[in-house]
1. I'd like to check something: does the range 294-305 contain any residue that is under 30 Å from residue 389 (Cβ atoms), small (Gly, Ala, Ser) and free of Cβ contacts under 8 Å to residues at least 12 places away in the same chain?
2. Would you confirm whether any residue within the range 86-102 is of a type in the set (S, T, N, Q) and either modelled with pLDDT of 80 or more or over 38 Å from the mean Cα position of the chain (by Cα) (or both)?
3. Give the number of residues within the range 299-331 that are surrounded by 15 or more Cβ atoms within 10 Å (Cβ to Cβ), in contact with a helix residue (DSSP H, G or I) (Cβ under 8 Å, 6 or more places away or on another chain) and on the phi < 0 side of the Ramachandran plot.
4. Kindly list the number of the only condition in (1) in contact with a Gly (Cβ under 8 Å, 6 or more places away or on another chain); (2) more than 19 Å from residue 473 (Cα to Cα) that fails for residue 422.
5. Run residue 439 past the list (1) under 19 Å from the mean Cα position of the chain (by Cα); (2) surrounded by fewer than 20 Cβ atoms within 10 Å (Cβ to Cβ); (3) over 21 Å from residue 102 (Cβ atoms) and report the number of the one that doesn't hold.
6. Do any residues in the range 502-531 that are within 17 Å of residue 638 (Cβ to Cβ) have Cβ atoms under 6 Å from those of residues that are among the charged types (D, E, K, R) and outside any helix (DSSP H, G or I), where the two are at least six apart or on different chains, and which pairs are they?
7. Would you tally the residues in the range 268-296 being farther than 22 Å from residue 361 by Cα, within 50 Å of the chain's Cα centre (by Cα) and not in a helix (DSSP H, G or I)?
8. If a residue must be buried (at least 18 other Cβ atoms within 10 Å of the Cβ) and of a type outside the set (A, V, I, L, M, F, W, C), how many such residues does the range 198-231 contain?
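The values are calculated or read from the model by the stated rules, or taken from the named source; none is laboratory data. This is a predicted model, so every value here is computed, not measured. Reconstructed Cβ throughout: ideal geometry from the backbone, glycine too, with neighbour counts over all protein chains shown.
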Amino acid sequence: PGDIIKLSAGDMIPADIRILSCKDLFVVQSSLTGESLPVEKYDTIVDNTNMPVLEYPNLCFLGTSVESGSATAIVIATGFNTYLGAMAQTITERKPTSSFEKGIQSFTWLMIRFMLIMVPLVFLINGFTKGSWHEAFFFALAVAVGLTPEMLPMIVTVCLSKGAIAMSKKKVIIKQLHSIQNLGAMDILCTDKTGTLTVDHVLLEKHCDVVREEDEEVLRMAYLNSYFQTGLRNVLDRAILDHKEEVHIPAQVSEHIKVDEIPFDFSRKIMSVVVEKPDGGHQLITKGAPEEIFARCTHFELDGEIHPIEPVLIEDLKDEYKRLSADGFRVLALAYKNFAPKSAYTKEDENGMVLKGYLAFLDPPKETAAPAIKALQTHGVSIKVLTGDNELVTRKICQEVGLDIHHIMLGDEVEQLNDEELVKRAEETTIFARLSPAHKQRIVQVLRNNGHTVGFLGDGINDSPALREADVGISVDTAADIAKESADVILLEKSLMVLEEGVLEGRKVFANILKYIRMGASSNFGNMFSVLGASVFVPYLPMLPIQILTNNLLYDFSQTPIPTDDVDHEQIAKPRQWTIENLARFILCIGPISSIFDYTTYLVMLYVFDCWNPARASLFQTGWFVESLLTQTLIIHIIRTNRIPFIQSRASVPLLSMTALIMAIGIYLPYSPFASALGFTQLPSLYWPLLVLTLICYMGLTHLTKQWILKKGWI
């Protein structure tokens, strides 16, 4: 800092600098703002401290470049102290905890609290009532293992991996597995405009006369002007030259000979070429900023006739160009003047011209943007556009992609609001324009803090802080390296339609993970009451430790095909987020139902089969083992769908097959060679019809309770 540097056209700016003096200095800041057109800079001292830092006219930043002009400046920041360096540092910071991670953590702590309450109680009750602290300890330990959802890491990982593999086939790279679920839970997608909604290539959209009617002659003259100029062609010139196949322009170019050129400079903001026409006359063709063209024109042409520009008509003519600007177009005016042949032309000849018409340019939206946005909105995802570009251009693009615009908010407004005020405005706003990278990051942050799962789609250096802040950052393979490094998901194709597929895949993943969590949590909660009750009333261990572990092992195996399960359409129609309160309500309603039927089994075993006698303990333990295993194995088919199971919605073949296999093993074990080793004994024939009745009643009551929970909105 403190070094004095000199800049000229083509230079990369090596640090954050303040301009001391300059001449016609234009700087490209697209890497920081996303705005593709150069910005003019001055050496003026600015008093307005509320202005966004990137809009200060006397400051230039590391990572930008000089388009034209020259300057002398003083270095004010280098390295990580620069604006770009501060953005780069966000990549090294720990990414905020996502909604998925928060949900898993909440569930884990819920299960830990269950165990911390349950295990000591079981140990103490069995120790005091049975008199054997050694047996009580091992029984409590087995209960702890049984209450642990040890399959959760496997189920989550397989579900996420399956989703990632499915997305890779659609040319989407998932960098972080948990981002699959975040993609499904996303209810707000914030997107940059340039390069994401648009093709990032400026096109000539309109070439029209002074009343905005299409005019091929305007295109012909503009083409001659851009074709014959020898200066540096900008994106607008290239857009004009892309129209060479229209109206036989190449043939007409060959009929003209370049005579002279009056180069562009930033004080005039126009440029002219002089060509010799086929009839030998000379014609000066000028294009540039409409305000400058208007000041040099005395006539206008309309329908082949030339009319003087009367004072009363000036505002009408300007209104036509302003309407194009208001529609989001970058507008140039075109004028001409005919001369008798002469050898040289100067800037003074650019007066008394005839206004011919306008050229309107736009970075058009991608073909897939409109259907992708419509599809996302249909699936409950709100779209907000966050861009460094101006609000007029952004509004035009949003209208073209079918995005309903409610409110527009500018960067300087964001700067002036505190977080509480900003989140209220952000909820209602569709377009955020003239934003700095810090503004984008802050908007994403306040929306996340307000309970939303936020995705951000961007591809520029200026998007990296917001990509890092979002629950799921989405970029494309052509993005800047820093943007790809900050993103969680990378699209290998420019089509945005894969976003919809990603959202649906994420919701399928979430639905299957939630099936296991609901089932495991409610089952464990019910088992807690069942074990406590049995420990108090039964004069021996209600189930041997090895039986608990065998039950737990078989039950876990029955759940392994959950990642392959089908998902009902209504479960992926809208975003679904982790709500530990709703999960707790579900557990409190469904869990005790299994306890009701466990207690029913206790009564049957104690009173029907006379198991009060400790000598018949193995019969009681076997009866409860089989009932417990079958009810836990079948319950997934009730919980997995909001419809009537087996009739309106069936599980996947692997899940159905595994359920049948585990139930068969559970029924076979009391009669198997392993029965004595596991402490089992054969069950009386009357047990089986009573068990079938128990299972039917259990599934029926659980389904009715689930429907009630559904009406309450707790699912």
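1. Taking the range 294-305 as the starting set, the residues that turn out to be under 30 Å from residue 389 (Cβ atoms) are 294-297.
Right, trim to small (Gly, Ala, Ser) and you get 295.
Of the ones still in play, those that are also free of Cβ contacts under 8 Å to residues at least 12 places away in the same chain are 295.
The answer is yes; a qualifying residue exists.
2. There is no residue in the range 86-102 that is of a type in the set (S, T, N, Q) and either modelled with pLDDT of 80 or more or over 38 Å from the mean Cα position of the chain (by Cα) (or both).
3. 9
4. (1)
5. (2)
6. Between residues of the range 502-531 that are within 17 Å of residue 638 (Cβ to Cβ) and residues that are among the charged types (D, E, K, R) and outside any helix (DSSP H, G or I), the close pairs are 512/565; 515/640.
7. Total meeting the criteria: 0.
8. Number of matching residues: 13.
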